[in-house]
Amino acid sequence: MIWQYFLLMVMSSDVFSIRRVKGLEVLDSRGNFTLRVCVSTDFVTDCGDAPSGASKGSMEAHELVDDSFPRRVSKAVELVNTLVAQSLVGVDVRSQWRVDALLRG
């Protein structure tokens, strides 16, 4: 009986909907401030960091840092917690193309 409930949950796309997007300011391995974004569904939360590095490929995200010393990323955190969160909440996490399209605007 419990497996039927689990199967019903997994088949429901609502289970995979993004419920929360949270941006945080953290320190990278070199002690520099960087952006961490955590994305949550009903059952899982996963986070990723975006440390700045020497490589600046054409497909990399643009760096958004404050005009202060040390270089903080509070503007980037604010954008994630407002615009990005508003765009992604409710989107199915399995639809990577949709997430990418929303982020690219």
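Can you confirm whether LEU79 is touching a residue at least 40 places away in the same chain (Cβ under 8 Å), of a type in the set (A, V, I, L, M, F, W, C), farther than 17 Å from ARG19 by Cβ and out of contact with any Asp or Glu (no Cβ under 7 Å at 6 or more places or on another chain)?
Here the answer is yes, as LEU79 does meet what is asked.
Considering the stretch 46-70 alone, what residues qualify as being of a type outside the set (Gly, Ala, Ser) and either touching a Ser or Thr at 6+ places or on another chain (Cβ under 6 Å) or modelled with pLDDT of 85 or more (or both)?
First, pick out the residues of the stretch 46-70 that are of a type outside the set (Gly, Ala, Ser): 46-47, 49, 51, 56, 59-60, 62-67, 69-70.
The answer is ASP46, CYS47, ASP49, PRO51, GLU63, ASP66.
Only one of these conditions is not met by GLU25: (1) acidic (Asp, Glu); (2) modelled with pLDDT under 95; (3) over 23 Å from GLY105 (Cα atoms); (4) in contact with a strand residue (DSSP E or B) (Cβ under 7 Å, 6 or more places away or on another chain). Which number is it?
Condition (2) is where GLU25 drops out.
Can you find a residue that is under 15 Å from VAL77 (Cβ atoms), loosely packed, with under 10 Cβ neighbours inside 10 Å and out of contact with any Leu (no Cβ under 7 Å at 6 or more places or on another chain) anywhere in the stretch 39-55? Break it down stepwise before answering.
Within the stretch 39-55, the subset under 15 Å from VAL77 (Cβ atoms) is 39, 47-52.
This time we only want the ones that are loosely packed, with under 10 Cβ neighbours inside 10 Å, so: 48.
If we keep only those that are out of contact with any Leu (no Cβ under 7 Å at 6 or more places or on another chain) as well, we get 48.
Checked against the condition, which is being under 15 Å from VAL77 (Cβ atoms), loosely packed, with under 10 Cβ neighbours inside 10 Å and out of contact with any Leu (no Cβ under 7 Å at 6 or more places or on another chain), the stretch 39-55 yields at least one hit.
One residue is enough: does the stretch 51-61 have a residue meeting the conditions under 27 Å from VAL93 (Cβ atoms) and within 13 Å of the chain's Cα centre (by Cα)?
Taking every residue of the stretch 51-61 in turn, at least one turns out to be under 27 Å from VAL93 (Cβ atoms) and within 13 Å of the chain's Cα centre (by Cα).
Identify all residues within the stretch 84-105 that are loosely packed, with under 13 Cβ neighbours inside 10 Å and out of contact with any helix residue (DSSP H, G or I) (no Cβ under 6 Å at 6 or more places or on another chain); write none if there are none.
The answer is GLN86, GLY90, GLN96, TRP97, ASP100, ALA101, LEU103, ARG104, GLY105.
Surrounded by 15 or more Cβ atoms within 10 Å (Cβ to Cβ), touching a strand residue (DSSP E or B) at 6+ places or on another chain (Cβ under 8 Å), of a type in the set (Gly, Ala, Ser) and over 14 Å from THR34 (Cα atoms): does that describe ALA76?
No.
The values are calculated or read from the model by the stated rules, or taken from the named source; none is laboratory data. No experiment lies behind these values; they were computed from the predicted model shown. We place every Cβ from the backbone using ideal geometry, glycine too, and count neighbours over all the protein chains shown.
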